[in-house]
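Report on the structure given below.
Just so it is clear, none of the values below were taken in a lab; they were calculated from the coordinates. Quick caveat: nothing in here was measured; it's all calculated off a predicted structure. Please note: Cβ atoms are built from the backbone with ideal geometry, for glycine as well, and neighbour counts cover all protein chains shown.
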Amino acid sequence: MKQSQLFTKVLKQAPKDEVATNARLLTRAGFIHKVMAGVYEYLPLGLMVLKKIEQIIREEMNAIGGQEVLMTTLQDKEVWGKTNRWDDKLVDNWFKTKLANGSDVGIANTHEEPLTFLLTHYVSSYKDLPIYIYQFQTKFRNELRAKSGILRGREFLMKDLYSFSKTQKEFREFYELCAGAYLKIFERVGLGDRTFRTAAAGGSFTTGLTDEFQTVTDSGEDVIYVDEKKKLAINKEVYTEENLKKLGLDKTKLKEKKAIEVGNIFPLGTKYSQALGLTVKDETGREQPVIMGSYGIGLGRLMGAVVEVSHDEQGMIWPKAIAPFDIHLINISKNQTPADKIYKALLETNTQVLYDEREVSAGSKFADSDLIGIPTRVLVSDKTLQSDSVETKQRGSDKTKLVKIKDLSESL
């Protein structure tokens with residue numbers, strides 16, 4: 001991508017109505033565009049990051065046996081009525097509308113009910129289980145206060161996986177397997193060292209304790225208590241002596257931290273399978289309700305958390321695994337031909353390059369590069385060309401390095 005061809009432009013000032021760091025930096029750098037409170041469009045750079053996060057999650061879900069589907073956004077009132085979750089008194093963040101014939105439909109906020117109902121058409125025997133199904137789909141939630149940029153929105157892309165098991169033992173084995181996969185995901189996107197499995201409440205999804213994954217940062221909206229040695233934490237909302245004992249946590253070893261929830265996993269038991277008639281015949285021929293679990297990650301929320309954690313005063317510092325490009329090639333030489341040749345050579349090695357060949361000042365190019373936050377900057381200047389070299393610099397570091405042009409691909 002040549003930077004002059006990007007239809008987005010870097011803004012000198014962040015929008016006045018944005019307070020969250022992630023929204024201010026992502027908007028200024030042209031990654032997202034705010035449509036209304038809690039609703040953002042992902043522009044080319046932002047979508048590149050989102051798609052890389054999606055692929056990392058997909059790889060880890062496939063590795064534990066997940067099968068990918070795509071469910072509908074429009075929801076059948078009758079299906080949700082079977083669990084009483086169509087009722088606004090029980091689930092207060094629905095978006096609902098009517099078809100032209102007057103029928104009520106919902107706009108999906110989650111998919112426990114429709115996926116359970118779907119499986120009643122395909123599952124009948126214990127031999128059909130276990131099944132693990134996931135999707136990437138836009139969810140809609142009528143939040144009272146949409147805030148914190150892309151951390152909490154009314155429209156957002158989510159990975160939701162649902163497990164269907166024969167026994168509690170089978171369910172629990174997968175539950176722990178998925179928890180491990182989540183930790184791998186957060187490690188790969190650059191949040192591994194500060195993300196903790198955290199005991200929390202289940203909300204409208206389930207009763208008892210569930211698990212969140214919380215990333216520690218001063219901008220976090222949750223308060224958790226962390227045992228750094230055990231890599232475990234407990235949310236303030238369930239911080240009781242009884243729960244501490246249940247989790248094997250010593251309150252004297254816990255540290256209070258602010259954090260952002262970046263994922264969650266829920267034991268669902270047979271709540272949904274019983275309500276929707278998802279049963280299987282066991283070895284004796286008796287009908288048994290299927291045991292379920294639910295496992296969610298908001299992709300935009302995860303992207304926003306990375307920005308909150310990984311930035312400085314100049315802009316974002318993307319981890320290489322999810323950066324929009326590997327290299328930010330910047331030309332400030334009067335002769336553009338050498339930079340053009342380097343750009344072409346890098347593309348031939350399948351390196352992802354954003355090439356700043358614009359006719360603007362060097363200072364503007366450096367400031368824009370720092371704001372966008374691509375991991376490696378490669379500078380072509382009249383000075384470096386005197387020694388047939390380029391200058392490389394890692395985002396977030398002040399150290400520069402001269403590299404011979406002929407050695408650049410190997411060096412990178």
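Among K147, K34, K334, which one moves the most in a GNM of the chain with springs linking Cα atoms closer than 10 Å?
Highest fluctuation of the listed residues: K334.
Need one word for region 325-411: rounded, prolate or oblate. Basis is the Cα gyration tensor (sqrt eigenvalues a ≥ b ≥ c); a/c below 1.5 gives rounded, then a/b vs b/c decides.
rounded
Pulled fully out, how much extra length does the chain show between R172 and S124, if you take 0.36 nm times their separation in residues and subtract their Cα-Cα distance?
The R172-S124 span can extend by a further 15.1 nm.
Report the label-to-label distance for D340 and T252 in nanometres (one decimal), using points 7 Å from each Cα along the Cα→Cβ vector.
Taking the simple label geometry, D340 and T252 are separated by 7.2 nm.
Measure off 7 Å from each Cα along the Cα-to-Cβ vector at L209 and Q352, then give the distance between these two points in nanometres to one decimal.
Calculated label separation equals 3.8 nm.
Give the residues of region 295-315 whose amide nitrogen is closer than 17 Å to a point set 7 Å from the Cα of Q394 in the direction of its Cβ.
310-312
Just from its helices, what would the mean residue ellipticity at 222 nm be for the chain, if runs of 4 or more DSSP H residues each count -39500 (n - 2.57) and the sum is divided by every residue, rounded to the nearest 500 deg cm²/dmol?
-8500 deg cm²/dmol
Between N84 and T270, take the C-beta separation as r, use R0 = 22 Å, and let me know the FRET efficiency to the nearest 0.05.
Step by step, r from the Cβ atoms, then E = 0.90.
Which order do peptides 6-12, 85-91, 190-196 fall in by mean Cβ count within 10 Å, highest first?
In decreasing order of mean packing, 6-12, 85-91, 190-196 become 190-196, 85-91, 6-12.
Please name which of A179, Y162, I32 has its Cα lying farthest along the dipole of region 3-309 towards the positive end, using unit charges on Cβ (Lys, Arg +1; Asp, Glu -1) and the Cα centre as origin.
So the residue we want is I32.
Got a sec? Which residues in region 308-334 would a label at S361 touch, if it sits 7 Å along Cα→Cβ and we count backbone N under 19 Å?
Output list for this probe position: 314-315, 330-334.
Take each of the peptides 102-112, 121-131, average the number of other beta-carbon atoms within 10 Å over its residues, and list them starting from the highest.
Descending packing order for the listed peptides: 102-112, 121-131.
Please build a GNM for the chain, connecting alpha carbons under 10 Å apart, and tell me which residue among L25, L115, L247 fluctuates the most.
L247
Based on the alpha-carbon gyration tensor of region 359-403 and its eigenvalue square roots a ≥ b ≥ c, which shape applies: rounded if a/c is under 1.5, prolate if not and a/b is larger than b/c, or oblate?
Because a/c hits 1.5 or more and a/b fails to exceed b/c, region 359-403 counts as oblate.
For region 168-226, rounded, prolate or oblate, judged on the Cα gyration tensor with a ≥ b ≥ c (square roots of eigenvalues), a/c < 1.5 rounded, else prolate if a/b > b/c?
oblate
Using 0.36 nm per residue of separation minus the Cα-Cα distance, give me the extension gain between L385 and A201 in nm, one decimal.
Going from the current span to full extension adds 60.2 nm.
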